[in-house]
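Asker: Here's a structure for you.
Readers should treat all values here as calculations from the given coordinates under stated rules, not as data from a laboratory. As the structure is a prediction and not an experimental result, all values here were calculated from the model. Cβ sites come from the backbone with ideal geometry, for glycine too, and all protein chains shown count toward neighbours.
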Amino acid sequence: MPRDDQHFQKALYLLDRGEVERGEALLRQVLDAAERAEDLALQSTAQLCLGKLLVELDRVPEAVAHLKRVAALDEYDDLVAHERRKAIELLRKTGVA
């Protein structure tokens, strides 16, 4: 998993630098890898980050799909519980929840 975490950090770095297309693509790769590895913590974090990005890009319907997946997760640990609460909060702000 350290490699996936490094890719996640790189995706955030790219987004911070304004390289939205590259950052989004890498974030999607991280999400796919986390799902394959069944890494629920990284999956929830990457999914929430992608949802936030898509809201900022005014791609709300696409964002809602990602945010709903995070909101539906069981709160098996503190990180997932935090990401779940953030996703629900963002869904409310978009008028969905």
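Asker: Within the stretch 50-77, find all residues whose amide N lies under 17 Å from a label point positioned 7 Å from the Cα of ARG28 along Cα-to-beta-carbon.
Answerer: 50-67
Asker: Within straight cross-link reach of LYS86, meaning Cα distance under 16 Å, which lysines are found once same-chain residues fewer than 8 apart are removed?
Answerer: In chain and number order, the partners are LYS52, LYS68.
Asker: Multiply the residue separation of GLU21 and ALA65 by 0.36 nm, subtract the distance between their alpha-carbon atoms, and state the gained length in nm to one decimal.
Answerer: My answer for the length gained is 13.9 nm.
Asker: P(r) for the stretch 2-93: what percent of alpha-carbon pairs falls in each 10 Å bin, starting at zero?
Answerer: All Cα pairs, binned at 10 Å, distribute as 19, 51, 29, 1 percent.
Asker: Modelled label-to-label distance, GLU38 and ASP58, 7 Å Cα→beta-carbon offset: nm?
Answerer: Result: 4.2 nm between the two label points.
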